Ligand SMILES: Cc1cc2nc3c(=O)[nH]c(=O)nc-3n(C[C@H](O)[C@H](O)[C@H](O)COP(=O)(O)OP(=O)(O)OC[C@H]3O[C@@H](n4cnc5c(N)ncnc54)[C@H](O)[C@@H]3O)c2cc1C
Ligand SMILES: [Fe+2]
């Protein structure tokens with residue numbers, strides 16, 4: 001990936017849009033889902049859909065903070081595009097009979113915590129933090145999960161939808177890495193200190209506290225479905241490779257942190273990391289749903305219906 | 001993608017223009033002053049000229065009625081957002097305004113009554129759409145050619161064709177594919193029955209926030225598409241009590257006192273609107289308070305919170321816009337629009353929102369560099385060419401190279417915080433002085449000096465750099481390159497005092 005011209009990218013994004021109605025959700029092939037796959041796939045799809053949605057909300061926060069008008073517009077589009085992915089995945093679930101009537105699938109508790117955090121604090125986070133975490137989430141979760149899905153599921157409609165989704169996703173990543181490099185450009189000691197100060201921000205610590213277990217939880221879910229852990233890690237290494245390919249990119253302090261973190265995640269032997277985080281995953285599973293406040297209203301905009 | 005424009009107006013345009021223009025154009029005896037447009041500006045100019053004893057006037061109006069903005073904008077809820085006592089001419093006060101912010105029809109009645117009262121009817125040629133305005137150096141005359149193939153000439157010309165008179169549709173892909181009904185806010189279709197219909201509204205500007213609370217009552221479902229949220233302030237709207245009308249009639253001084261008070265109140269807003277001052281923060285707090293009080297849902301509030309400094313774009317006033325958006329049959333969409341399709345609007349989140357009717361509250365064609373029709377000056381130079389890098393004028397009213405031509409709403413004359421008519425009065429009185437000078441000194445040409453124009457503009461641009469308009473948001477005030485050729489960077493009082501005097505040093509006086 002070469003560094004991209006953001007203005008040209010914005011034009012391209014505007015000119016190549018797709019809609020749910022471009023896909024025939026009733027086309028044959030739904031029966032290619034095996035009975036054995038079905039229950040696990042249902043959970044997997046629900047997670048995937050929620051991750052898209054969480055990514056969408058993060059882009060919304062980034063749009064408000066974007067340093068230039070072009071980036072602001074790009075992030076506004078990406079916000080909507082991630083929402084489109086969630087909508088399309090919900091439509092697949094509908095097709096496969098995985099939705100309870102018109103009900104939204106329940107997010108798992110770790111996602112629920114991330115949603116809660118995003119709703120409360122994401123708009124207050126500096127754009128740098130989200131600007132680095134989001135590419136990581138996208139490449140690791142979206143990338144790995146989608147690839148896995150396509151390897152496992154034969155339904156052609158699923159393939160058609162993900163072809164479009166992946167096209168969007170690669171643009172998001174291109175912009176994500178370009179921005180990371182822009183931010184690394186001219187990074188100084190002062191920036192490192194500022195960032196360290198920000199790390200002490202309790203709001204950010206809360207965010208980290210909900211993001212770490214999410215990753216481990218996802219890993220568990222994916223493994224349960226038969227994806228080799230190695231594949232997930234491969235993707236996370238890709239983040240390290242692309243993000244660190246230039247001097248500027250490497251100089252972005254956030255890149256360094258996230259990279260370090262992804263190394264921990266990948267390294268199963270790092271018990272110092274995994275022990276407590278796995279414990280949190282376990283602990284969070286005991287949080288009673290009722291203890292959480294009502295879902296924010298942005299969640300209710302999800303829909304599987306191509307027309308309104 | 002094209003920018004579709006309609007030059008619509010409610011009156012019928014003269015037809016058969018093509019056939020006629022082949023024949024020799026019909027010419028009439030030159031007048032003293034020629035005015036393009038019979039809206040507030042053109043009519044006001046005619047009144048003041050007449051009062052100064054200049055009665056040889058011809059006004060060319062493309063529609064079949066007077067009124068401009070207020071003849072065209074008849075959408076439900078259309079009203080001024082500057083109090084009527086200030087949004088009217090001081091030389092023609094109206095004691096009978098029914099509300100603090102009068103509706104479109106009442107303003108149009110006021111304009112029509114003005115035409116009657118000052119007997120302007122004889123000056124106006126309706127159905128004359130000016131397509132070309134050219135100066136003849138030899139004769140010292142301006143010639144206006146109309147679509148109907150007629151040529152009208154005069155010693156001085158006033159361009160009063162309005163800053164917001166050409167409705168514009170947005171450049172959205174597929175706009176012609178939509179098979180449902182399309183209505184532009186400035187060309188309302190009063191025969192369309194909204195009851196039981198699914199309606200989309202594109203835009204959330206000044207017109208949209210007046211339309212939405214009305215439509216939400218009738219439409220079965222109303223969906224509002226927003227690109228950028230605006231600052232919305234509470235609107236102190238009330239019916240005029242009868243005692244007040246009586247008082248104004250019996251004691252006109254009381255009305256001019258109120259006008260003065262309103263004027264000063266609006267002037268003080270300049271502090272908040274034009275420059276980034278402590279008042280700006282206070283105004284923003286008021287805006288946020290208004291939003292918070294009227295919108296309880298956190299996400300909706302976030303969607304409606306502007307992310308630019310107040311004053312950078314036009315500030316809106318409404319008490320019923322936010323509540324309307326929260327009606328059960330109303331929905332705000334902030335996803336970007338991807339395209340229009342046969343049945344509706346596709347937004348980027350992948351959903352097609354289907355409608356019976358789409359209302360375009362998308363504003364007007366605003367040209368920062370061109371002119372609505374070719375304007376040719378001395379030696380045939382083209383104003384659009386001189387303005388290529390952004391429109392410029394001397395005191396907003398004269399342009400070097402275009403003798404005896406006067407602009408209303410010219411470059412950098414726009415108010416951000418006060419009544420347009422306050423500015424217009426200053427311009428009109430300046431025009432009267434200019435024309436009087438031409439007549440009294442029997443000039444062939446009153447031509448502003450290039451140097452004077454440059455000095456004036458350097459100063460304006462320097463002052464603009466410090467304003468909120470130039471603080472980084474995109475608005476129709478700015479060109480694509482961010483050049484501000486629209487707004488006047490100061491108080492209305494400063495504008496009025498700059499227009500007070502016609503400084504002959506800044507002009508070349510050419511006698512016949
Ligand atoms: C919905 C709306 C609300 C507004 N509210 C306010 C407010 O509250 N306060 C405020 O200060 N301002 C307001 N404005 C701004 C408003 O435009 C001005 O206040 C004022 O009405 C402009 O008057 P005008 O005579 O310059 O232009 P117009 O009223 O537009 O009149 C121009 C006339 O020229 C005619 N014309 C145009 N081109 C040609 C041509 N080529 N040949 C012949 N005739 C032509 C048009 O048909 C029209 O009749 C509002 C504008 C709109 C659209
Ligand atoms: Fe995604």
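The values are calculated or read from the model by the stated rules, or taken from the named source; none is laboratory data. Remember, it's a predicted structure, so these values are computed and weren't measured experimentally. Using ideal geometry, Cβ is built from the backbone for each residue, glycine included, and neighbour counts are taken over all protein chains shown.
Taken over the range B:219-245, residues that are over 23 Å from the mean Cα position of the chain (by Cα) and at pLDDT 95 or above amount to 7. For residue B:191, which of the numbered conditions (1) under 30 Å from residue B:37 (Cα atoms); (2) in contact with a strand residue (DSSP E or B) (Cβ under 9 Å, 6 or more places away or on another chain) fails to hold? The single condition residue B:191 does not satisfy is (2). Here B:300, B:332 are screened, and the one residue that is in a strand (DSSP E or B) and within 14 Å of chain A (Cβ to nearest Cβ) is B:332.
When the residues of the range B:58-112 are narrowed to those that are in a strand (DSSP E or B) and near ligand 1 (Cβ under 8 Å from one of its atoms), which ends up farthest from residue B:155 (Cα to Cα)? So the residue we want is B:79.
Residue B:340 meets the conditions (1) closer than 27 Å to residue B:489 by Cα; (2) buried (at least 19 other Cβ atoms within 10 Å of the Cβ) in every case but one. The failed one is (1).
Within the range B:431-440, is even one residue surrounded by 19 or more Cβ atoms within 10 Å (Cβ to Cβ), touching a residue at least 24 places away in the same chain (Cβ under 8 Å) and out of contact with any strand residue (DSSP E or B) (no Cβ under 9 Å at 6 or more places or on another chain)?
Yes, there is a match, as at least one residue in the range B:431-440 is surrounded by 19 or more Cβ atoms within 10 Å (Cβ to Cβ), touching a residue at least 24 places away in the same chain (Cβ under 8 Å) and out of contact with any strand residue (DSSP E or B) (no Cβ under 9 Å at 6 or more places or on another chain).
Does at least one position in the range B:147-170 carry a residue that is within 14 Å of another protein chain (Cβ to nearest Cβ) and either under 30 Å from residue B:128 (Cα atoms) or more than 16 Å from ligand 2 (Cβ to nearest atom) (or both)? Checked the range B:147-170: at least one residue is within 14 Å of another protein chain (Cβ to nearest Cβ) and either under 30 Å from residue B:128 (Cα atoms) or more than 16 Å from ligand 2 (Cβ to nearest atom) (or both). Among the residues examined, residue B:296 does not qualify as surrounded by 21 or more Cβ atoms within 10 Å (Cβ to Cβ) and within 18 Å of residue B:234 (Cα to Cα).
Being modelled with pLDDT of 85 or more and under 17 Å from the mean Cα position of the chain (by Cα) narrows it down to one of A:142, A:168, A:155, so name that one.
The conditions single out A:168.
Scanning the range A:89-101 for residues that are surrounded by fewer than 24 Cβ atoms within 10 Å (Cβ to Cβ) and touching a helix residue (DSSP H, G or I) at 6+ places or on another chain (Cβ under 7 Å) yields A:91, A:93, A:95, A:96, A:98, A:99. Taking residue B:53 as the residue in question, decide whether it is out of contact with any helix residue (DSSP H, G or I) (no Cβ under 6 Å at 6 or more places or on another chain), over 15 Å from residue B:160 (Cα atoms) and more than 16 Å from ligand 2 (Cβ to nearest atom). So residue B:53 fits the description; yes.
Considering each of B:268, B:277, B:256 in turn, give the residue that is touching a helix residue (DSSP H, G or I) at 6+ places or on another chain (Cβ under 6 Å), away from chain A (no Cβ under 14 Å) and surrounded by fewer than 19 Cβ atoms within 10 Å (Cβ to Cβ).
When all the criteria are applied, what remains is B:277.
Within the range A:72-121, the set of residues being modelled with pLDDT under 90 and within 14 Å of chain B (Cβ to nearest Cβ) comprises A:115, A:116, A:118, A:119, A:120, A:121. Contact map, the range B:30-48: first residue outside the structural domain of residue B:132 (by TED's automatic domain parsing), second residue assigned to a helix (DSSP H, G or I) and within 14 Å of ligand 1 (Cβ to nearest atom), Cβ cut-off under 6 Å, separation 6 or more or different chains; the map is empty.
Restricting B:470, B:457, B:412, B:418 to those that are touching a helix residue (DSSP H, G or I) at 6+ places or on another chain (Cβ under 6 Å), away from ligand 1 (no atom under 16 Å from the Cβ) and at pLDDT below 95 reduces the list to B:470.
Of all residues in the range B:337-357, those that are over 23 Å from residue A:73 (Cα atoms) and at the interface with another protein chain (Cβ under 7 Å from one of its Cβ atoms) have Cβ atoms under 6 Å from Cβ atoms of residues that are in a strand (DSSP E or B) and at pLDDT below 95, 6 or more apart or on another chain, in B:354/A:307. Just to be sure, is residue A:294 more than 20 Å from the chain's Cα centre (by Cα), within 14 Å of chain B (Cβ to nearest Cβ) and either modelled with pLDDT of 70 or more or crowded, with 18+ Cβ neighbours inside 10 Å (or both)? For residue A:294, the condition - more than 20 Å from the chain's Cα centre (by Cα), within 14 Å of chain B (Cβ to nearest Cβ) and either modelled with pLDDT of 70 or more or crowded, with 18+ Cβ neighbours inside 10 Å (or both) - is met. Remark: residue B:326 matches the filter, which requires a residue to be farther than 20 Å from residue A:64 by Cβ, touching a residue at least 12 places away in the same chain (Cβ under 8 Å), within 14 Å of another protein chain (Cβ to nearest Cβ) and out of contact with any strand residue (DSSP E or B) (no Cβ under 7 Å at 6 or more places or on another chain). Answer yes or no: is there a residue in the range B:66-89 that is surrounded by fewer than 17 Cβ atoms within 10 Å (Cβ to Cβ) and either in contact with a helix residue (DSSP H, G or I) (Cβ under 8 Å, 6 or more places away or on another chain) or over 30 Å from residue B:403 (Cβ atoms) (or both). Looking through the range B:66-89, none of the residues is surrounded by fewer than 17 Cβ atoms within 10 Å (Cβ to Cβ) and either in contact with a helix residue (DSSP H, G or I) (Cβ under 8 Å, 6 or more places away or on another chain) or over 30 Å from residue B:403 (Cβ atoms) (or both). Of the helices (runs of 4 or more DSSP H) that lie entirely inside the range A:1-108, not one contains 2 or more residues that are more than 16 Å from ligand 2 (Cβ to nearest atom) and in contact with a strand residue (DSSP E or B) (Cβ under 8 Å, 6 or more places away or on another chain).
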